[in-house]
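Let me begin by presenting the structure, written as structure tokens, before commenting on it.
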Amino acid sequence: MPHIAQVRGACPHDCPDTCALVTTVVDGTATKVQGNAEHRHTGGVLCSKVSKYTERTYHADRVLQPLKRSGPKGSGQFTPVSWDEALSDIAQRLHQIAQRQPEAILPYSYAGTMGQVQGQSMDRRFFHQLGASLLDRTICASAGSEALAATYGGKLGMRMEFFAESRLILIWGSNSITSNLHFWRYAQEAKRQGARLVCIDPRKSETADKCHEHLQLLPGTDAALAFALMHELIVNDWLDHDYLARHTLGWEALKARALQWPPERAAQVCGLPVEQIRQLARDYGSSQPAAIRLNYGMQRVRGGGNAVRAIACLPALIGAWRHRAGGLLLSSSGVLPFDMAALQMPRLMGERRPRTLNMSSIGDVLLHPGDASFGPKVEAVVVYNSNPVAVAPESAKVAAGFAREDLFTVVLEHFLTDTADHADYVLPATTQLEHWDIHGSYGHTDVLLNRPAIAPAGQARSNARIFRDLAAQMAKLDPLFAASHFHDSDEALARQAVAHTAISFEELLERGFATIPLPEAPFASGGFATPSGKCEFDNPALAALGVSTLPDHLPNYEAPTPDYPLAMISPPARNFLNSTFTNVASLQRMEERPLLEIHPDDAAARGIADGDLLRVFNARGEHVCHASLNGRARQGVVAGLGIWWRKQGANGTNVNELTHQQLTDIGRGPCFYDCAVQVAKAL
Ligand SMILES: Nc1nc2c(c(=O)[nH]1)N[C@H]1C(S)=C(S)[C@@H](COP(=O)(O)OP(=O)(O)OC[C@H]3O[C@@H](n4cnc5c(=O)[nH]c(N)nc54)[C@H](O)[C@@H]3O)O[C@H]1N2
Ligand SMILES: Nc1nc2c(c(=O)[nH]1)N[C@H]1C(S)=C(S)[C@@H](COP(=O)(O)OP(=O)(O)OC[C@H]3O[C@@H](n4cnc5c(=O)[nH]c(N)nc54)[C@H](O)[C@@H]3O)O[C@H]1N2
Ligand code: SF4
Ligand SMILES: [Mo]
């Protein structure tokens, strides 16, 4: 008789849904991964990507043993070595650099797994003990997160499930069907109950197709739209004066600014019909409860932070927060209870205060020769949970940086990604089916436990174990690495994450998930987490950052020019997750090949037909891919769906060949969707 087990887990990916998984294991082999029907947000349903998790886990290309570079830097040529050899060599190299100049070592990680254990525990302890440079983890959400915190006091907002009861939902800068599917289930429930759904997006996304109304604005013009909505709420007196008086700061100043934005002015800036803006204001001013699902797609432009601030003001104007189904949700991760000090131990830095380097400018960082203000040149990078050569902006520079012969690079990975190709050592990491972890969510408010369902594939080790094993090697050179906190097991780390919180590890072991106790309507009677306790329209603290204390509209860095007349955005593809899954055959078939969506008129003007090979280029570089005239692009805006590996591209590039390294107004984030290009037929 075969032995069959059902193991409960959590989806590790960078997605607001954080689904509860159930993996079926037959005689030690995972045969399927499904959604846990008992978890209400998951509802037994997974997206196309994670439904294919076994295909990814048992992929023939998985890296299953440590690899050492055998060809030129970046060649992707390796020979297998033993764990002992790899770890002792890496420890010696890092120790040599650290003795001289610990800040010349840089960890580089993001959200390949969102787990507390495999994402931010033993790794942080290791680098803090070394005194390595700190990493500013800005590549996705920091503009919006810091802007939200400057307005509400934290990453706080509506609970996802209450959108099901809203009467009006603005889906703003988010392709929910692609990237927040389980929110979309609640929005559909609301739609069935008669709610009106409005999508605000430069691209006619899959979500726009299913909403009642679509405002197809130009990229980077969201603040202008928000001000015009305020303008209409003010002049028509669709305001909750009591809420404004009691629970907001800076209303008079905001009002004065909003009155400078009649819908006609915004219509020009946004490239929208003026009546569409007026109608939206009318709907927003007359429907309760009204909810906004804001998402990170709209903050990847120069003024992204200010735009989030402007939009985040709207619910207070109409008192939407009074209802549990009203208000706004960008991220709810501010309520996560995890004990980060226990997990990461910043105290191991002691008196040292290492510099912080921005992951969004990794190209410039790696190419920097070092000087008094920058500090030492980066000599070693340890990459895990990320694929910067594909996902970071201006990738020609990123690739050139990683190609430096004098850079020592270690990459912990499942596959030979573009980044792993540049490594001196590739260390095989376990997948979510093979390790312990504990997860919070930035969409809902549950905590989930992931138990290993199968034994590690080949010689793979979990990230936490790899840093534990590296610490053991370092201990031979530096006794501080022999301390007991470098011995904590993965399961012990998972327990530490929730120790002293309202979440019980025993409940997690039992059910797989637990709900953080929270009020239903966070700001019904004010109670914002700001210093004033109010919704801060005007935030004096921003002045210190050189940012306007009131929200403002900032035009994009790259306005269209005669040379580069098209705006390019590069949002996620439905069947990939950032650059993850791009090598899974069944998903690759669904996405076909790298594409650029272009409006039929823009295509015709260039003699381009659907399916033609084209060049999209600007002064930074050129990407060759196929034209898609699928009706989703508006005139003047093209969309290159991400994020293929560079080596999968027709000319060895992806969309990030074209993006730049300038940063957002707030939060030091990348401006992926603030990018001017030209397109021509490839000959
Ligand atoms: N299938 C899938 N799901 C994902 C991901 C993925 O790669 N694939 N990525 C995950 C990650 S890391 C994240 S951060 C989230 C992102 O999730 P969201 O923040 O929801 O982002 P996207 O789905 O990228 O939606 C962005 C939408 O914003 C639009 N947009 C671009 N520029 C602007 C603008 O200036 N204004 C407005 N209003 N809209 C704009 C794009 O056209 C796109 O449709 O999704 C996560 N989920
Ligand atoms: N042009 C453009 N660029 C973008 C974006 C865009 O919209 N347009 N989106 C941006 C956004 S929102 C984000 S969040 C970033 C995402 O950038 P990244 O966080 O780098 O995300 P991925 O590309 O998915 O790479 C994650 C890698 O981690 C690996 N991994 C997964 N689990 C584990 C594990 O347990 N251990 C180890 N060692 N490795 C693991 C995966 O195999 C994968 O290669 O990209 C950004 N780049
Ligand atoms: S990627 Fe998102 S929707 Fe897909 S299983 Fe993971 S959490 Fe759920
Ligand atoms: Mo992201």
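The values are calculated or read from the model by the stated rules, or taken from the named source; none is laboratory data. It should be emphasised that the depicted structure is a prediction, and the values quoted were computed from it without experimental measurement. So basically every Cβ, Gly included, is an ideal-geometry build from the backbone, and we count neighbours across all protein chains shown.
Please report, ordered by residue number, the strands (runs of 3 or more DSSP E) entirely within segment 59-134 with at least 3 residues that are under 29 Å from the mean Cα position of the chain (by Cα).
Of the strands (runs of 3 or more DSSP E) lying wholly inside segment 59-134, those with at least 3 residues that are under 29 Å from the mean Cα position of the chain (by Cα) span 105-109.
Among the numbered criteria (1) outside any helix (DSSP H, G or I); (2) surrounded by fewer than 22 Cβ atoms within 10 Å (Cβ to Cβ); (3) not aliphatic (A, V, I, L, M), which single criterion is violated by T42?
With (1) outside any helix (DSSP H, G or I); (2) surrounded by fewer than 22 Cβ atoms within 10 Å (Cβ to Cβ); (3) not aliphatic (A, V, I, L, M) applied to T42, the lone miss is (2).
Whether any residue in segment 51-68 is within 16 Å of ligand 4 (Cβ to nearest atom), of a type outside the set (S, T, Y) and not assigned by TED's automatic domain parsing to the domain that holds G652 is what I want to check.
Checked segment 51-68: no residue is within 16 Å of ligand 4 (Cβ to nearest atom), of a type outside the set (S, T, Y) and not assigned by TED's automatic domain parsing to the domain that holds G652.
Of everything in segment 117-145 that's closer than 16 Å to D437 by Cβ and within 16 Å of ligand 3 (Cβ to nearest atom), which residue is surrounded by the most Cβ atoms within 10 Å (Cβ to Cβ)? Write out each step before concluding.
Of all residues in segment 117-145, those closer than 16 Å to D437 by Cβ come to 117-124.
Next, from what is left, pick out any that are within 16 Å of ligand 3 (Cβ to nearest atom): 118-119.
Numbers: Q118: 35, G119: 23.
This residue is Q118.
Pairs, please: C-beta under 7 Å, at least 6 apart or cross-chain, first residue in a loop (DSSP other than H, G, I, E, B) and in segment 490-505, second surrounded by 22 or more Cβ atoms within 10 Å (Cβ to Cβ)?
I503/V447
Do the conditions hold for F374, that is, is it farther than 30 Å from F338 by Cα, away from ligand 4 (no atom under 16 Å from the Cβ) and in contact with a strand residue (DSSP E or B) (Cβ under 8 Å, 6 or more places away or on another chain)?
no
Take the conditions under 29 Å from I4 (Cβ atoms), assigned by TED's automatic domain parsing to the domain that holds G363, touching a residue at least 24 places away in the same chain (Cβ under 8 Å) and within 16 Å of ligand 1 (Cβ to nearest atom) and apply them to G119. Does it pass?
So G119 fails the test.
With D446, D490, D478 as the choices, which residue is within 26 Å of the chain's Cα centre (by Cα), in the same structural domain as Q99 (by TED's automatic domain parsing) and either within 16 Å of ligand 3 (Cβ to nearest atom) or over 20 Å from A111 (Cα atoms) (or both)? Working first, answer last.
Working: D490 fails: either within 16 Å of ligand 3 (Cβ to nearest atom) or over 20 Å from A111 (Cα atoms) (or both); D478 fails: within 26 Å of the chain's Cα centre (by Cα).
Going through D446, D490, D478 in turn, the sole match is D446.
Determine which single condition R353 fails, assuming it passes every other condition in (1) part of a loop (DSSP other than H, G, I, E, B); (2) in contact (Cβ under 8 Å) with a residue 24 or more places away in the chain; (3) away from ligand 1 (no atom under 16 Å from the Cβ).
Of everything listed in (1) part of a loop (DSSP other than H, G, I, E, B); (2) in contact (Cβ under 8 Å) with a residue 24 or more places away in the chain; (3) away from ligand 1 (no atom under 16 Å from the Cβ), R353 misses just condition (2).
From A399, A464, A471, which residue is closer than 29 Å to R511 by Cα and either modelled with pLDDT of 95 or more or within 24 Å of the chain's Cα centre (by Cα) (or both)?
The match here is A464.
This table checks each residue for (1) within 24 Å of the chain's Cα centre (by Cα); (2) crowded, with 23+ Cβ neighbours inside 10 Å.
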| residue | (1), (2) |
| --- | --- |
| P565 | no, no |
| I569 | yes, yes |
| N578 | yes, no |
| L595 | yes, no |
| G667 | yes, yes |
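Given the criteria in contact with a strand residue (DSSP E or B) (Cβ under 8 Å, 6 or more places away or on another chain), assigned to a helix (DSSP H, G or I) and over 30 Å from K377 (Cα atoms), does G144 qualify? Working first, answer last.
Values: in contact with a strand residue (DSSP E or B) (Cβ under 8 Å, 6 or more places away or on another chain): yes; assigned to a helix (DSSP H, G or I): yes; over 30 Å from K377 (Cα atoms): yes.
When the stated conditions are applied, G144 passes them.
Just to be sure I understand the filter: pairs with C-beta atoms under 6 Å, separated by 6 or more residues or on different chains, first member in segment 99-111 and not assigned by TED's automatic domain parsing to the domain that holds C11, second member within 16 Å of ligand 3 (Cβ to nearest atom). Which pairs pass?
Every condition considered, the pairs that remain are S109/N385; Y110/N385; A111/D14.
From the set of residues in segment 155-179 that are farther than 16 Å from G443 by Cβ and out of contact with any Phe, Trp or Tyr (no Cβ under 8 Å at 6 or more places or on another chain), which is surrounded by the fewest Cβ atoms within 10 Å (Cβ to Cβ)?
It comes out as E165.
Pick from segment 1-21 the residues that are within 12 Å of ligand 3 (Cβ to nearest atom) and among the hydrophobic types (A, V, I, L, M, F, W, C): which of them is surrounded by the fewest Cβ atoms within 10 Å (Cβ to Cβ)?
Step one: of segment 1-21, the residues within 12 Å of ligand 3 (Cβ to nearest atom) are 9-21.
Keeping just the survivors that are among the hydrophobic types (A, V, I, L, M, F, W, C) gives 10-11, 15, 19-21.
On the way: A10: 30, C11: 27, C15: 24, C19: 28, A20: 29, L21: 26.
Among those that are within 12 Å of ligand 3 (Cβ to nearest atom) and among the hydrophobic types (A, V, I, L, M, F, W, C), it is C15.
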